[in-house]
Amino acid sequence: MTQLNFGQPDKGIMQMAYVVKDIRAAIGEWISRLNVGPWFLLDHFTGVDPVYRGQPSKADITIAMSFAGHMNIELIQPNDDHPSVYKELIDRSGYGFHHWGVATADFGTDLARYEAKGMNVAFRLGVPTGGEVAYLETQGALPGFVELIETSPPMERVFSGFYGAALSWDGRDPVRPFG
């Protein structure tokens, strides 16, 4: 089994993500209560050719990422009211846990495997580091979505940089630019 530079195996859970109302306040809570940091912030993200439930998506989000041990933590703040997998959660149950991110070196094969298990694609998009991600519905068997994340050398460099920064973080510069 292939291992990513930041310690996670291919097909293993590498990320837990939360939808938050105020990303800067949430970052502050993660830092003060759990000593997680530094955070890498991207104020506006829509993805490449995003498709939400079969339709082009216009949803814009702010994201922040850090590491707690080997686990990547992602915070997501919707910046608008466009339909999205994030707004679905807020409308259904409020802010909180949203998805697990699962790494894959073979996106097409693993996507077909999840779909064969009855997990439908709710959202799919390309990412700037190359590759794709797809959010799959767990049909209530799990409390959130599964995000299938295609790995690539550029993606691994970015995540490994975040991981390295977390390992050596001394509390300074708690919020940094993304990538």
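Which one, Phe178, Pro153, Ser57, is farthest towards the positive end of the dipole of the chain when Lys and Arg carry +1 and Asp and Glu -1 on their Cβ?
Checked the options; the winner is Phe178.
Output ³J(HN,Hα) for the stretch 130-137: one whole-Hz value per residue in order, computed from phi by the Karplus curve 6.51 cos²θ - 1.76 cosθ + 1.60 with θ = phi - 60°, and x for Gly and Pro.
Each residue of the stretch 130-137 in turn: x, x, 9, 9, 9, 9, 10, 6 Hz.
Which aspartates and glutamates, on any chain, are close to Lys117 with Cα under 18 Å apart, when same-chain ones fewer than 8 places away are left out?
Asp106, Glu137, Glu147
Give the lysines whose C-alpha is closer than 21 Å to that of Lys21, dropping any in the same chain fewer than 8 places away, or say none.
Cα-Cα hits under 21 Å: Lys58, Lys87.
Hey, for a label at Ala112 modelled as a point 7 Å past Cα toward Cβ, could you say which residues of the stretch 127-149 have their backbone N under 19 Å away?
132-136, 148-149
Antiparallel DSSP bridges in the chain: what percent, to the nearest 5?
Around 70 percent antiparallel, to the nearest 5.
Restricting to DSSP H runs of at least four residues, report the calculated mean residue ellipticity at 222 nm for the chain, -39500 (n - 2.57) per run over all residues, nearest 500 deg cm²/dmol.
-8000 deg cm²/dmol
Using the Kyte-Doolittle scale, which helices in the chain average at least -1.0 and also have C-alpha atoms spread 15 Å or more along the helix axis, with helices defined as whole DSSP H runs?
Span-like helices in the chain: 23-34, 153-167.
I want the local charge near Tyr86. Using Cβ-Cβ distances under 12 Å, sum +1 for each Lys or Arg and -1 for each Asp or Glu among the other residues.
After counting each charged neighbour, the total is -4.
Out of the stretch 9-75, which trypsin sites (Lys or Arg not before Pro) are coil in DSSP terms and have no more than 12 other C-beta atoms within 10 Å?
Hits after loop and neighbour filter: Lys21, Lys58.
Given H placed on each backbone N at 1.01 Å, which residues far from Met14 in sequence or on other chains put an amide H within less than 5 Å of it?
Sorted by chain and number, the residues that satisfy this are Gly101, Val102, Ala103.
Compute from the Cα atoms of the chain the Rg and the Dmax, the latter being the longest Cα-Cα distance, and quote both in angstrom.
In order Rg, Dmax, the Cα atoms of the chain give 15.5, 46 Å.
Computed from the coordinates by the stated procedures, all read-outs in this text should not be read as laboratory data. As the structure is a prediction and not an experimental result, all values here were calculated from the model. Note: ideal-geometry Cβ built from the backbone for every residue, glycine included; neighbour counts use all protein chains shown.
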